[in-house]
Amino acid sequence: MNPRLALLHPYPFQRLSALLAGCLPPAERPHISLAMGEPKHPAPQLVKDALCANLAGLSGYPATQGTPALREACAAWAERRYGVKLDPAREVLPVNGSREALFSLTQCLIDASGAAKPVVVSPNPFYQIYEGAALLAGAEPYYLNCEASRRFQPDWDSVPGEVWRRTQLLIVCSPGNPTGAVMGLADWEKLFQLSDRHGFIIASDECYSEIYFDEAPLGGLSAARALGRGQERLVMLTSLSKRSNVPGMRSGFVAGDAAILEKFLLYRTYHGSAMSLTVQAASQAAWNDEDHVESNRAAYAAKFAAVLPLLRPALEVGMPDAGFYLWAKVPDGDDVAFARALFEQQHVTVLPGSYLARDAHGANPGRGYIRIALVAEEAECVAAARRIAEFCRDRQPAASA
């Protein structure tokens, strides 16, 4: 067996299942899960129609590069959304969701053959694929704590020179999971300067970019364009899962540096990760339509408007810049105990923030927080918020005694 498998940590939801094992929540209260970031809104009818109309695609082998029509639809969307012109043949590559692409891209990019161990820099808290992909590629993850005092943005200046010299890949997530924080142009400018200085590649995970409430979040490609630079050493990854409520389709695309995508396509040809022609046709329909995305955003905005007034008296929580998570600070600072007791007493599941982070630089930046995913229908989210508020009121006397 690959000895690097022993380096992998249990996934957060495995840890959550173990935490809640043996609990006996009140049966009269239906279970409400706000733990997993799995969209629950209905899939768009136009996507369903495109899937059914293209079932003949199941009979053919798809090309790893995808159809020209799908790549052109992705490039056209990127131009509408970010104002960037992409070459569909060289700068766009369909993938089976951003999770798969994040993992395989890391295996493609990391060179662990040298004397110095390569580094993958990651935000902390983070999506655990970043860490697992780095470890299995033979790299050392380096975690940058994202805390409230810095708008939940990494402190790039805190990274030692020795670490930058070994860094081959830096992963950013904007809007962030779990904080919902969005990088500004100054953040991107700093990051590009560091990439120019040290030569590392930037992978920009933007799978939450289309769930926002005011101004559309800046992306890596649009930031590069605004700063008058090209796409060298920059790859953006996006997905239909959150944007179009089709996580089961496993569909997204990567775009950016053509030289990187050329090698990534070669890797994927051997990796066996071509997207079904049927899914490609449905993906093309989704990227070509914005009406269902606007309706999706409106549904999330309504949930935040309904839930936040109920939670704010009980928890330290604010409106995120984007995304569908609330990153809430618990009253007593023990996120694990809070999550278990909440499930046991109110039959509501949330994810402890410390499960999404690692101890780094003397702290676990997820400790004391819970992640609340507002993915259920509005009435269910409101019911859960009321139960969380009731739970916090019931705990207050004991906490202050």
Residue list for the range 321-361, filter: more than 24 Å from the chain's Cα centre (by Cα) and either on the phi > 0 side of the Ramachandran plot or without any contact (Cβ under 8 Å) to a residue 12 or more places away in the chain (or both): GLY333, ALA337, HIS347
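Being in a strand (DSSP E or B) and either touching a His at 6+ places or on another chain (Cβ under 8 Å) or not hydroxyl-bearing (Ser, Thr, Tyr) (or both) is the requirement here; does LEU237 meet it?
Working: in a strand (DSSP E or B): yes; either touching a His at 6+ places or on another chain (Cβ under 8 Å) or not hydroxyl-bearing (Ser, Thr, Tyr) (or both): yes.
So LEU237 passes the test.
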Index of the failed condition, ARG225 passing every other in (1) within 28 Å of MET319 (Cα to Cα); (2) more than 14 Å from the chain's Cα centre (by Cα); (3) in a helix (DSSP H, G or I): (1)
Residue match in the range 175-185 (condition: more than 29 Å from TRP287 (Cβ to Cβ) and at pLDDT 95 or above): no
Contacts under 7 angstrom Cβ, first residue in the range 164-175 being part of a helix (DSSP H, G or I), partner of a type outside the set (A, V, I, L, M), 6 or more apart: TRP164/HIS198; ARG165/HIS198; ARG166/LYS117; ARG166/PRO118
Helices (runs of 4 or more DSSP H) completely within the range 1-97 that count 3 or more residues being buried (at least 19 other Cβ atoms within 10 Å of the Cβ): 45-53, 68-82
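Suppose we filter the range 350-401 for residues that are surrounded by fewer than 22 Cβ atoms within 10 Å (Cβ to Cβ) and either in contact with a Ser or Thr (Cβ under 6 Å, 6 or more places away or on another chain) or over 19 Å from GLY37 (Cα atoms) (or both); how many remain? Walk me through how you get there before you give the answer.
Start the filter on the range 350-401 by keeping residues that are surrounded by fewer than 22 Cβ atoms within 10 Å (Cβ to Cβ), which leaves 358-364, 367-368, 376-380, 382-383, 386-387, 389-401.
Subsequent filtering for residues that are either in contact with a Ser or Thr (Cβ under 6 Å, 6 or more places away or on another chain) or over 19 Å from GLY37 (Cα atoms) (or both) retains 358-364, 367-368, 386-387, 389-401.
The qualifying residues number 24.
Is it fair to say PRO175 is open to solvent by less than 30 Å² (accessible area, probe 1.4 Å) and either within 27 Å of GLU38 (Cβ to Cβ) or touching a Gly at 6+ places or on another chain (Cβ under 8 Å) (or both)? Reasoning before the result, please.
Details: open to solvent by less than 30 Å² (accessible area, probe 1.4 Å): yes; either within 27 Å of GLU38 (Cβ to Cβ) or touching a Gly at 6+ places or on another chain (Cβ under 8 Å) (or both): yes.
The answer is yes for PRO175.
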Any hit, the range 282-302, residues being under 22 Å from PHE324 (Cβ atoms), open to solvent by less than 40 Å² (accessible area, probe 1.4 Å) and basic (Lys, Arg): yes
In the range 260-278, the residues that are in contact (Cβ under 8 Å) with a residue 24 or more places away in the chain, open to solvent by 30 Å² or more (accessible area, probe 1.4 Å), in a helix (DSSP H, G or I) and among the aliphatic types (A, V, I, L, M): LEU265, LEU277
Search result, residues across the range 305-320 that are farther than 24 Å from ASP332 by Cα and either in contact (Cβ under 8 Å) with a residue 24 or more places away in the chain or open to solvent by less than 50 Å² (accessible area, probe 1.4 Å) (or both): ALA306
Long-range neighbours under 8 Å by Cβ, at least six apart or interchain, first residue modelled with pLDDT of 95 or more within the range 105-117, second open to solvent by 50 Å² or more (accessible area, probe 1.4 Å): GLN107/TYR267; CYS108/LYS263; CYS108/TYR267; LEU109/GLN168; ILE110/GLN168; ASP111/GLN168; ALA116/ARG165; LYS117/GLU140
Selection status of VAL254, β-branched (Val, Ile, Thr) and in contact with a strand residue (DSSP E or B) (Cβ under 7 Å, 6 or more places away or on another chain): yes
Qualifying residue in the range 1-13 (condition: within 18 Å of GLY248 (Cβ to Cβ) and in contact with a strand residue (DSSP E or B) (Cβ under 6 Å, 6 or more places away or on another chain)): no
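The values are calculated or read from the model by the stated rules, or taken from the named source; none is laboratory data. None of these values were measured; they are calculated from a predicted model. Virtual Cβ from ideal backbone geometry, glycine too; neighbours counted across all protein chains shown. Ligands, DNA and RNA are stripped out before the accessible areas are found, and what is left, the full protein with its side chains, is counted by its heavy atoms. Shrake-Rupley method; radii C 1.70, N 1.55, O 1.52, S 1.80 Å.
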